[in-house]
Amino acid sequence: MKGKFSKYKGLYWRQLFLTVGMVLLTLSLTGAAFFSLSYNYVRQEKTDDLKSKAEMVGTMCADYLVAGEFKNETDLERLASFAASVSDVNFMICNSSGQVLLTTDVGQAGQSVTIPGEVMDQVWTERVWPQSTDLAGIYETKHFLVGVPVYESGTEQMVGAAFAVTQVSTLDNLWKAFAGLFCLTSLVVLLIAFAVSSVTTVRQVQPIREMVRATRRYAEGDFDIRMNDDGQDDEIGELAASFNNMAESLQQTERSRREFIANISHELKTPMTTIAGYTDGILDGTIPPENERQYLQIISDESRRLSRLVRRMLDVSQLQAMDPLKNGSRFDICESMRRVLISMEKRINDRNLDVDADIPDTPIMTLGDPDMITQVIYNLLENAAKFARQGSTLYLGVARMDGKALVSIRNEGDTISAEELPLLFERFHKSDKSRSEDKDGVGLGLYIVKTILEQHKEKINVTSENGVTTFSFSLRTE
């Protein structure tokens, strides 16, 4: 039994049943109120109609009730019968004791009929007595009666009562006509609500079902599937767009992860292969004892490079988790540049490079982490010195521009092709196209630069023309 109804537990059916249930509840409450009000309205309308007719016949009969000669007036009987035939209402005229003196009901003609005393009392007390009753067995079925007192002309003396009688079915038929119209209208409204709710629910549930299928594909490693938003400018459209953006991000992350694993595997394999090979050569005697020191030095260098690689990777992970703008600290960018120049003095002199430093004497206060920005300047200047032509000039400068401090580092050397420029900031990329010649580098320096600046909500730019390569970035000063 549980499995039989499990298919109705989905979001589509819950939403559909909820909407239809709410419409049914609304129609039921409205119907109950409508039926009550409409019945009372129809009953009141019928009561007023029968009251006016009973009063009219009662007025005509008042003088005859006083004279006591009522039964001999055939003209009055004919008039009452005519009134009954044209209005589809029967009349009963009784004296003050409740004895019926005149009736237009063929079924009661010739019979001695007496209205119950409690009925007469209510007519005289309430002045109008509407009731569905069989008059204590006078009628076989219930009839709707409206009784009014009959007064002597010109006085308030009651001399009898006049009753207008009609079938209860007449009242019910009129009310049923109202009720039938309401039920028909309700059925149409319910069908429309069902159709609209079904279409609306399908439009709401379909994207969710697509997302479920997509997430299953993502779990399997397939990030190519995308949501179709159909140009919807609503929450569902926004959700689909956000889902597609998430998919793009996941796909990019997966691509980066695979590239990272491939790159790191290559970078780790090279020094480890060198270390293992030379170590085995020393141990098995392949390498002569007089050359062991030379190869041990190579093993030492490769071990240090491997250590630097692991340390840089850890640095990148730590940098990506930091928020340098969170505390809003400020520092002097000019002072950071001077410290980097001093620390790089030996390396610059070793390559016989001149330095053109355009650093103002007055402080330029910028927003960010001073240690992280110092690392950026150091990596850029180190990279510029490494690839600068022997005896050329390095440029290091900073200037204010549009509320920011613009830092530029320039060197003279080989021109970097336009195709390679976007690749400079990728992990493990080396501009000399070799992963073994540059023993000091691990290909993460510029990637760390880009990561730090992205944490500062800034970008790194690079141009290379006619042998002059310039790296530049900006920091907020306000």
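Every number here is computed from the coordinates shown, using simple stated rules; none is lab data. Because the structure is a prediction, the values reported are computed rather than measured. In this analysis, Cβ positions are derived from the backbone assuming ideal geometry, glycine residues included, and neighbour counts consider all displayed protein chains.
For labels at E345 and A276 in the simple 7 Å Cα→Cβ model, what's the distance in nm?
So the two model labels end up 4.5 nm from each other.
Return an integer: the convex hull volume of the alpha-carbon atoms of region 371-419, in Å³ per residue.
That works out to 109 Å³ per residue.
Using amide H atoms built 1.01 Å from N in the peptide plane, name the residues 5+ places from Q157, or on other chains, whose amide H lies under 5 Å from its own.
Counting only residues 5 or more places away or on other chains, the set is E152.
Rounded to whole Å and ordered largest first, report the semi-axes of the equivalent ellipsoid of region 334-413 derived from its Cα gyration tensor (root of 5λ).
23, 13, 11
Let me understand region 137-226 better: what is its radius of gyration from the alpha carbons, and its Dmax, in angstrom?
33.4, 103
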